[in-house]
Amino acid sequence: MTRNLASVKEIVVYFLKLGFIAFGGPAARIAMMEEETVRRRHWLTREKFLDLLGTTNLISGPSSTELAIYIGCSGGVGRPGEVSHLKPRNKQCL
């Protein structure tokens, strides 16, 4: 399987969508991220995704948010992936 490179726009739009529709806590968001980034869009291999997930479990904090940051960085996007994942969460709290 070949890895598709994602554009900044694709990653930002995906994480905005995920931030608005994801419900069920970090475990549910992580499962949704795996389905979309590994199986559908082929942005990451399964092995790379599991490596990133393992890394997020080593440090404290919300694992789904950290995973979104790492996915954004591994796609060469960095901060836009993080911000687009967090913005909808902040709006829902208001």
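Scanning the range 44-61 for residues being closer than 25 Å to LYS9 by Cβ and either polar (S, T, N, Q) or modelled with pLDDT under 85 (or both) gives a total of 2.
Please determine, by comparing only the residues of the range 15-27 that are on the phi < 0 side of the Ramachandran plot and outside any helix (DSSP H, G or I), which one is surrounded by the fewest Cβ atoms within 10 Å (Cβ to Cβ).
PHE23
Applying the condition of being closer than 14 Å to LEU67 by Cβ and touching a residue at least 24 places away in the same chain (Cβ under 8 Å) to the range 28-52 and asking which residue is surrounded by the fewest Cβ atoms within 10 Å (Cβ to Cβ) yields LYS48.
The values are calculated or read from the model by the stated rules, or taken from the named source; none is laboratory data. All figures in this text were calculated on a predicted structure; none of them were measured in a lab. All Cβ positions, even for glycine, are placed from backbone atoms using ideal geometry, and neighbour counts span all protein chains on display.
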